[in-house]
Amino acid sequence: MFLRYCVVPVSLFLPKNFNPFQFLNNTHFYFIPSFSLSSSSTSTNDVDNAVSMFNHLLHKNTTPPDIKLGKILSSLVKSKHYHNVVSLSQKMEFEGIKLDLVNCSILINSFCQLGHNPFAFSVLAKILKNGYEPDTITFTTLIKGLCLKGDIHQALHFHDKVIAMGFHLDKVGYGTLINGLCKVGETKAALELLRRVDGKLIKKVDEAINLFEEMHCRKLIPDVVTYNSLIDGLCKSGKISYALKLVDEMHDRGQPPDIIT
């Protein structure tokens with residue numbers, strides 16, 4: 001079952017100079033329900049049962065618990081029935097049930113998996129307008145959605161906007177961005193991002209180390225500045241032995257330490 005979402009105006013989502021947060025200044029970024037349905041030939045008994053249970057909970061006399069509805073949506077995501085998630089989420093809103101942050105995140109993931117990034121960003125607009133605070137999973141999902149479509153530079157721009165607004169990403173989000181940059185040959189940008197991460201994640205230096213090792217796996221050779229950033233973080237967090245190991249590695253890779261090191 002697939003229920004189309006209509007967004008007004010769609011063209012504002014992905015302009016040439018993409019600004020994912022521009023919709024916050026637009027009062028018309030709301031879902032307009034469209035009741036055009038189509039059935040899926042890949043439906044299974046499990047999916048049918050999940051949809052049936054969802055509808056049963058939705059139409060009970062008492063207010064249906066968001067947690068139970070969310071668990072059903074999560075199960076559909078795990079089985080990759082993203083169209084069903086979109087359809088059932090629309091039903092919730094039509095019945096006057098406000099999607100909470102968890103269910104909004106599930107809907108964002110479904111739109112991203114379907115390649116409908118503009119609709120995913122419209123859900124982000126609803127999250128912010130409803131006063132919820134998106135978490136790192138939500139932002140990482142949106143970044144991954146952009147990367148899956150090959151919109152790496154837009155993903156990088158979105159990252160910058162997220163950070164500028166005071167939000168943060170974890171190693172998964174940064175790893176997604178770095179992977180995307182590496183896949184399109186933007187190794188210089190990947191190294192620059194890693195350098196910026198090293199500076200921002202000093203308190204979570206283990207995450208920076210994981211990203212650093214990921215760069216090694218992709219045969220990207222860090223420069224002296226990148227090494228210095230990570231060594232500084234290691235020293236500040238008391239990981240002196242690991243920092244000294246990186247100094248030795250610099251020599252081995254033909255990147256002799258400088259006075260800053």
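Meeting the requirement of 3 or more residues that are over 11 Å from the mean Cα position of the chain (by Cα), the helices (runs of 4 or more DSSP H) wholly within segment 92-150 are 101-113, 117-129.
Name the single residue, out of those in segment 39-77 being under 18 Å from Lys126 (Cβ atoms) and modelled with pLDDT under 85, that is surrounded by the fewest Cβ atoms within 10 Å (Cβ to Cβ). Here the residue is Asp66. Screening Asn117, Asn84, Asn103 for residues that are within 15 Å of Ile143 (Cβ to Cβ) and of a type in the set (S, T, N, Q) leaves exactly one candidate, Asn117.
Right, Ala164: out of contact with any helix residue (DSSP H, G or I) (no Cβ under 9 Å at 6 or more places or on another chain) and either at pLDDT 85 or above or over 29 Å from His251 (Cα atoms) (or both) or not?
Numbers: out of contact with any helix residue (DSSP H, G or I) (no Cβ under 9 Å at 6 or more places or on another chain): yes; either at pLDDT 85 or above or over 29 Å from His251 (Cα atoms) (or both): yes.
Here the answer is yes, as Ala164 does meet what is asked.
Among residues of segment 78-126 being of a type in the set (Lys, Arg) and closer than 25 Å to Asp151 by Cβ, the one that is surrounded by the fewest Cβ atoms within 10 Å (Cβ to Cβ) is Lys80.
Restricting attention to segment 82-91 and to residues that are under 19 Å from the mean Cα position of the chain (by Cα) and free of Cβ contacts under 8 Å to residues at least 60 places away in the same chain, the residue that is farthest from Ala50 (Cα to Cα) turns out to be Tyr82. State the number of residues belonging to segment 170-204 that are assigned to a helix (DSSP H, G or I) and at pLDDT 65 or above. Total meeting the criteria: 24.
The values are calculated or read from the model by the stated rules, or taken from the named source; none is laboratory data. Just so it is clear, the model here is predicted, and its values are computed rather than measured. A quick note on method: Cβ atoms are made from the backbone with ideal geometry, for glycine too, and the neighbour counts reach across all protein chains shown.
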